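Below is one structure, written out as structure tokens; the observations come after it.
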Amino acid sequence: MSNHSTTTGKPGSTGITLGLRQNLAQFMLLVAVNALVGGTLGQERTVLPLLAGEVFHLDLYTSALTYILAFGLAKAATNYFAGTLSDRYGRKPVLVAGWVIALPVPLMLIFGPDWGWIVAANVVLGISQGLTWSTTVMMKMDLVGPERRGFAMGLNEAAGYLGVAGTALATGYIAATYGLRPGPFLLGAAYIALGLGLSVFAVKETRGHAKLESANHTSAHAGAHGELSNREIFTLTSFRDKSLSSVSQAGMVNNLNDGLAWGLFPVLFAAAGLTIEKIGILAAVYPAVWGAAQLVTGAMSDKYGRKWLIVGGMLLQAAALAMIAVGQDFGIWLTAAVLLGLGTAMVYPTLLAAIGDVAHPEWRARSVGIYRLWRDGGFAVGALLSGVIADAYGIPAAVGVVAGLTALSGLLVAVRMRGTDHHPAA
């Protein structure tokens, strides 16, 4: 990938330059926007699992997890279209559309008279997140060029998941003080208004940066050239290319266990007698460690390669989930939440950067969208699988099964993914 360095920081005929330093102001603005995207999701992390039982009196875990199933399916499908639309119309219009779609979500969560409204709100939220988060990923990839892609993805995902974590913690305290509704969701409404304003008035289009990079791109192999149809890009990303397909399945399993954490961990902790404040802390620690550690792990993947960071992260997640399955108290669960966050941080930005390594700039947005389709489909699979197992055998059994699947996913990456060095797509 060293041939890429000739484009980094050098202007094209339009005056566009690639590189973090050259595009720092726009890059950091997009970091802030993605923190708001994460916060919009974080308004639900602590509160909705408790709302399901205490307000709507849903007994079956499968029923309570329908909102995560709805969110995952909606976001997964929208990720795919976000890539296609961004290549066709530009990144900024898709980002703005995502924020506009999010506007009714807090009102639906506040005033929803039955659980169907909560599920519907999560369909809308999933569509919004698919558009907003996908485009912030693509825009940062566009701006920095190839040399610091892992670092850029680390910053992007750190901002998003620190937004999730901070909001999960804040909404836990708001809910404990003022009740489950409406207080926590007013915070989400403020995030949406601010995110929309910044995206309309301050964010600039970045599609030209991808076109500049494509002029100097060397494909990872003959099948990954720039002139591919949407169907060819889908099959390459999902099945044919060993690296892209390994990344796609690992992303799906990663979000499968995140869907489990989101939907069942608060219920498990509440059943053990923990207070809402402590549940809020546990709900926040996992994405907080995940978010902050990505500032390091993304850059590490640039320096040392992607593959073994992904393998190690999946195995660490599996070990942490096993600890949660057998744990009985706050201390054990807090330690496991930290380890789960570290394992996820090793994987999350690295998977995105690995897609960027192999995918041609002309269709990178579509490949990222396809990867994110598989990855966020994991929310739906995780909600369904863990709900069914939890109803039949209890929450610890569901956590144990997901731990085993996570370990198998890491081993599959170890066997199948192409190795990387300091130039990951070489």
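Residues of the range 342-377 being under 19 Å from TYR286 (Cα atoms) and in contact with an Asp or Glu (Cβ under 7 Å, 6 or more places away or on another chain), which ones?
TYR348, PRO349
For the subset of the range 262-292 comprising residues that are surrounded by 24 or more Cβ atoms within 10 Å (Cβ to Cβ), hydrophobic (A, V, I, L, M, F, W, C) and within 15 Å of the chain's Cα centre (by Cα), which member is nearest to ALA52 (Cα to Cα)?
Checked the range 262-292; the qualifying residue nearest to ALA52 (Cα to Cα) is TRP262.
Which residue, of GLY166, GLY145, GLY160, GLY195, is of a type in the set (Gly, Ala, Ser) and either modelled with pLDDT under 85 or more than 22 Å from the chain's Cα centre (by Cα) (or both)?
Being of a type in the set (Gly, Ala, Ser) and either modelled with pLDDT under 85 or more than 22 Å from the chain's Cα centre (by Cα) (or both) holds for just one of GLY166, GLY145, GLY160, GLY195, which is GLY145.
Would you confirm whether any residue within the range 232-244 is touching a helix residue (DSSP H, G or I) at 6+ places or on another chain (Cβ under 7 Å), in contact (Cβ under 8 Å) with a residue 24 or more places away in the chain, within 20 Å of ILE332 (Cα to Cα) and buried (at least 22 other Cβ atoms within 10 Å of the Cβ)?
Scanning the range 232-244 turns up no residue that is touching a helix residue (DSSP H, G or I) at 6+ places or on another chain (Cβ under 7 Å), in contact (Cβ under 8 Å) with a residue 24 or more places away in the chain, within 20 Å of ILE332 (Cα to Cα) and buried (at least 22 other Cβ atoms within 10 Å of the Cβ).
In this structure, does VAL100 turn out to be open to solvent by 50 Å² or more (accessible area, probe 1.4 Å) and in contact (Cβ under 8 Å) with a residue 12 or more places away in the chain? Show your work before the answer.
Details: open to solvent by 50 Å² or more (accessible area, probe 1.4 Å): yes; in contact (Cβ under 8 Å) with a residue 12 or more places away in the chain: yes.
Criteria met by VAL100.
Could you please find all residues in the range 156-212 being open to solvent by less than 10 Å² (accessible area, probe 1.4 Å), among the hydrophobic types (A, V, I, L, M, F, W, C) and not in a helix (DSSP H, G or I)?
Result: VAL203, single match.
Mind listing whichever residues of the range 35-81 are farther than 21 Å from LEU373 by Cβ, surrounded by fewer than 21 Cβ atoms within 10 Å (Cβ to Cβ) and hydrophobic (A, V, I, L, M, F, W, C)?
LEU50, VAL55, PHE56, LEU58, LEU60, listed by residue number.
Taking only pairs six or more apart or across chains, which ones have beta-carbon atoms under 9 Å, a first residue in the range 19-46 that is at negative phi and part of a helix (DSSP H, G or I), and a second residue that is basic (Lys, Arg) and open to solvent by 20 Å² or more (accessible area, probe 1.4 Å)?
Pairs found: GLN26/LYS204; LEU29/LYS204.
Results for (1) touching a Gly at 6+ places or on another chain (Cβ under 6 Å); (2) farther than 30 Å from GLY179 by Cβ; (3) at pLDDT 90 or above, shown as yes or no for each residue.
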site: ALA284; (1), (2), (3): no, no, no
site: VAL289; (1), (2), (3): yes, no, yes
site: TYR304; (1), (2), (3): no, yes, no
site: LYS307; (1), (2), (3): yes, yes, yes
site: VAL311; (1), (2), (3): yes, yes, yes
site: MET314; (1), (2), (3): yes, yes, yes
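Can you work out which of the residues in the range 356-408 that are within 19 Å of THR66 (Cα to Cα) and aromatic (Phe, Trp, Tyr) is farthest from the chain's Cα centre (by Cα)?
Within the range 356-408, the first condition is being within 19 Å of THR66 (Cα to Cα), and the residues that meet it are 373-395, 398-399, 402.
Keeping just the survivors that are aromatic (Phe, Trp, Tyr) gives 374, 379, 393.
On the way: TRP374: 11, PHE379: 10, TYR393: 29 Å.
Among residues in the range 356-408 that are within 19 Å of THR66 (Cα to Cα) and aromatic (Phe, Trp, Tyr), the one farthest from the chain's Cα centre (by Cα) is TYR393.
Kindly check whether there is at least one residue in the range 109-130 that is closer than 27 Å to ALA293 by Cα, among the polar types (S, T, N, Q), part of a helix (DSSP H, G or I) and open to solvent by less than 10 Å² (accessible area, probe 1.4 Å).
Looking through the range 109-130, at least one residue is closer than 27 Å to ALA293 by Cα, among the polar types (S, T, N, Q), part of a helix (DSSP H, G or I) and open to solvent by less than 10 Å² (accessible area, probe 1.4 Å).
Could you tell me whether any residue of the range 330-337 is of a type in the set (A, V, I, L, M, F, W, C), under 22 Å from THR167 (Cα atoms), open to solvent by less than 10 Å² (accessible area, probe 1.4 Å) and free of Cβ contacts under 8 Å to residues at least 40 places away in the same chain?
Yes, there is a match, as at least one residue in the range 330-337 is of a type in the set (A, V, I, L, M, F, W, C), under 22 Å from THR167 (Cα atoms), open to solvent by less than 10 Å² (accessible area, probe 1.4 Å) and free of Cβ contacts under 8 Å to residues at least 40 places away in the same chain.
The values are calculated or read from the model by the stated rules, or taken from the named source; none is laboratory data. Note that this is a predicted model, so its numbers are computed, not measured. Cβ sites come from the backbone with ideal geometry, for glycine too, and all protein chains shown count toward neighbours. The accessibility values were calculated without ligands, DNA or RNA, using every heavy atom of the protein model including side chains. Shrake-Rupley method; radii C 1.70, N 1.55, O 1.52, S 1.80 Å.
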